Amino acid sequence: MGPAVLSGLPLALGLALVLPSAALENGLALTPPMGWLAWERFRCNVDCRADPRNCISETLFFEMADRLAEDGWRDLGYKYINIDDCWSAKKRDAAGRLVPDPERFPRGIKALADYVHGRGLKLGIYGDLGTLTCGGYPGTTLDRVKQDAQTFAEWGVDMLKLDGCYSSGEEQAEGYPEMARALNATGHPIVYSCSWPAYQGGLPPKVNYTILAEVCNLWRNYDDIQDSWDSVLSILDWFFANQDVLQPAAGPGHWNDPDMLVIGNFGLSYEQSRSQMALWTVMAAPLLMSTDLRTISPSAREILQNRLMIQINQDPLGIQGRRIVKEKSLIEVFLRPLSQGASALVFFSRRADIPYVYTTSLAKLHFPEDAVYEVQDVYSGEIIRGLKTGDNFSVTVNPSGVVMWYLYPVAQPWRIVRQQAPREGFRPVLL
């Protein structure tokens, strides 16, 4: 299927908003994957004698699976529980297979996968296309790709993150597509997350996003996230500075991955946590939390479990949003087109002084003329009815914070049939 321009979208996005033409043919990750990933919060802590509660062991994953299943996460869509680096033994077995560390994973990965599946969840694992993983554990060299893919399938793994430490550009160009073929050949559905573009600078000409979308379900483009606002901002700056390249590459089955959500840890304020969640959602990013779900604060949980936010993130059109305004006042506006003529807007403040009152109109944001919208504030739940394209409005945005709106048309300059959706108010169907 060739690219198709979507009608009825705000004109500012113009011809840039097209549906990508090809994707990895495994039918997976048609919306951005959601779940939990160990790395940012728990890293490569393998000292289970000194720190049994926080080391990389089966206990950590059993306990996080329980939290996902019992604390409302799974039912909201957070279904993947993903092992990262440092899970394996330091050497392969006599047959050359990867094996988990026998002290930290005594029951093995298949038993963990069976437990995770029994809780209605899916298990992810980590590998590296090189001689060693980034943490110094056995890597998947080119001669091991098929064997490791088969091992992961036999264990019942549902997602693979394949890193790129200790490998050359030539090995990556051969190995990442080869692993995609090997995973598909197992007959077991495995979502495939590639770090390939991050090791090639993330941009053309070294990165061909058309090829990448045919190989991987999601991919890391840029640096690892750290538990700091500076890190979040550096990722945002890179992604939106390069949005003309990155935005068209994303879509159902193939996503840009700006890395984990660090909400609930130590480095972000409440406002900054709300900002990361909103901006990752506008980017159609995977929502992979990396925090301790056993001790997470009520405020962090409220941000991460926001139902309307998740609905927007998981919108079936799968169009990545764009920054459409960058003001001298340090206010930025981001827009993501959604299904059924709806949109998400994020007003983001880079200010460091006081809350800022920002005044604009949908007309200034290039929404269609003569349209009328119902607006819901994604965080407060406040509803504004009958907002016309030409109406001026003001939002108050806190320093390093956001205001996020969900807008859907109730009258348009084209024909509309309104349908009642349960508990969601009216939704338009464009004919």
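The values are calculated or read from the model by the stated rules, or taken from the named source; none is laboratory data. Just so it is clear, the model here is predicted, and its values are computed rather than measured. Neighbour counts run over all protein chains shown; Cβ positions are idealised from the backbone, glycine included. For accessibility, only protein heavy atoms count, side chains too; no ligands or nucleic acids. Shrake-Rupley method; radii C 1.70, N 1.55, O 1.52, S 1.80 Å.
Take the chain, mark every one of the chymotrypsin sites (Phe, Trp or Tyr not before Pro) that falls in a DSSP loop and has at most 16 other Cβ within 10 Å, then report the longest stretch left between them, sites excluded. Don't skip to the answer; put the middle values down first.
On the way: sites that count: Tyr166, Phe266, Trp414.
Result, exposed sites excluded: 1-165.
Using a 1.4 Å probe, how large is the accessible area of Thr151, given in Å² and rounded to the nearest 10?
10 Å²
Would you mind computing the Rg to Rh ratio of segment 237-348 from its alpha-carbon coordinates, Kirkwood style for Rh? Let's see the in-between values first.
Details: Rg = 14.0 Å, Rh = 14.6 Å.
Taking Rh as the inverse mean 1/r over Cα pairs, Rg/Rh reads 0.96.
Looking at the chain only, what percent of DSSP beta bridges run antiparallel? Nearest 5 please.
Restricted to the chain, the bridges split so that about 65 percent are antiparallel.
With a/c under 1.5 counting as rounded, go ahead and sort segment 179-297 into rounded, prolate or oblate using the C-alpha gyration tensor (a ≥ b ≥ c being the square roots of the eigenvalues; past the cut-off, prolate if a/b is larger than b/c, else oblate).
On the way: a/c = 2.31, a/b = 1.43, b/c = 1.62.
Oblate, because a/c is 1.5 or more while a/b does not exceed b/c.
Which entries of Lys326/Lys388; Lys146/Lys206; Lys79/Lys110; Lys122/Lys146; Lys326/Lys364; Lys364/Lys388 have Cα-Cα distances beyond 20 Å here?
Too far apart for the 20 Å limit: Lys326/Lys388; Lys146/Lys206; Lys122/Lys146.
Using a 1.4 angstrom probe on the protein heavy atoms only, could you order Arg181, Arg323 from most to least accessible area?
Details: Arg181 135, Arg323 40 Å².
The residues order as Arg181, Arg323, largest area first.
Using a Förster radius of 35 Å, what is the FRET efficiency between Ser269 and Ala95 based on their Cβ-Cβ separation? Nearest 0.05, please. It would help to have the intermediate numbers written out before the result.
Working: r = 51 Å, r/R0 = 1.45.
It comes to 0.10.
Per residue, what volume in Å³ does the Cα convex hull of segment 85-153 take up?
Taking only Cα atoms, segment 85-153 has a hull volume of 90 Å³ per residue.
Roll a 1.4 angstrom probe over the protein heavy atoms and tell me the percent of accessible area of the chain that is carbon or sulfur.
On the way: 8830 of 17320 Å².
Here carbon and sulfur together make up 51 percent of the probe-accessible area.
By its C-alpha gyration tensor, with a ≥ b ≥ c as the square roots of the eigenvalues, how is segment 300-415 shaped: rounded for a/c under 1.5, else prolate for a/b larger than b/c, else oblate? Don't jump to the answer; show the numbers that get you there.
Numbers: a/c = 1.68, a/b = 1.19, b/c = 1.42.
Oblate shape, in that a/c is at least 1.5 and b/c is the bigger or equal ratio.
For segment 140-243, max minus min Cα coordinate along each principal axis, in Å, sorted largest first?
Projected onto the principal axes, the Cα atoms of segment 140-243 cover 41, 29, 24 Å.
If you count only protein heavy atoms with a 1.4 Å probe, what accessible area per residue comes out for the chain, rounded to a whole Å²? Write out the running numbers ahead of the final one.
Details: 17320 Å² over 431 residues.
The answer is 40 Å² per residue.
Taking amide H positions as placed in the peptide plane 1.01 Å from N, state which residues far from Leu288 in sequence (5 or more) or on other chains have amide H under 5 Å from it.
Gly35, Leu261
Give the Debye-formula value of log10 I(q)/I(0) at each listed q (0.12 Å⁻¹), with one equal scatterer per alpha carbon of segment 358-412, two decimals each.
Result of the Debye calculation: -0.27.
Can you tell me the orientation of helix 58-70 relative to the chain, as the angle in degrees between its alpha-carbon axis and the longest Cα principal axis, to the nearest 10?
The two axes meet at around 30 degrees.
What is the mean projected area of the alpha carbon convex hull for segment 25-152, to one decimal in square nanometres? It would help to have the intermediate numbers written out before the result.
Values: hull surface 34.5 nm².
For the Cα atoms of segment 25-152, the hull's average projected area reads 8.6 nm².
Relative contact order of the chain, please, whole-number percent, based on alpha carbon pairs below 8 angstrom and at least 6 residues apart.
Details: 933 pairs, mean separation 62.4, N = 431.
Relative contact order comes out at 14 percent.
So if R0 is 30 Å, what FRET efficiency would Asp114 and Asp143 give, r being the distance between their Cβ atoms, rounded to the nearest 0.05? Numbers along the way, then the final one.
Details: r = 30 Å, r/R0 = 0.99.
E(calc), rounded to 0.05, equals 0.50.
To the nearest 10 square angstrom, what accessible area does Cys48 show with a 1.4 Å probe?
Roll a 1.4 Å probe over it and Cys48 shows about 40 Å².
In percent, how large is the relative contact order of segment 157-300, given Cα pairs closer than 8 Å and 6 or more residues apart?
On the way: 182 pairs, mean separation 26.8, N = 144.
Relative contact order for segment 157-300 comes out at 19 percent.
Normalised by the residues of segment 150-209, what does the relative contact order come to in percent, with Cα pairs under 8 Å and at least six apart?
So the answer I get is 44 percent.
Using the beta-carbon distance between Ala173 and Ala411 and R0 = 35 Å, what value does 1/(1 + (r/R0)^6) give for FRET efficiency, to the nearest 0.05? Don't skip to the answer; put the middle values down first.
Values: r = 52 Å, r/R0 = 1.47.
That gives a FRET efficiency of 0.10.
Kindly provide the pair-distance distribution of the chain built from C-alpha pairs, with 20 Å bins from 0 and whole-percent values in order of increasing distance.
P(r) over the chain, rounded to whole percents: 26, 56, 17, 1.
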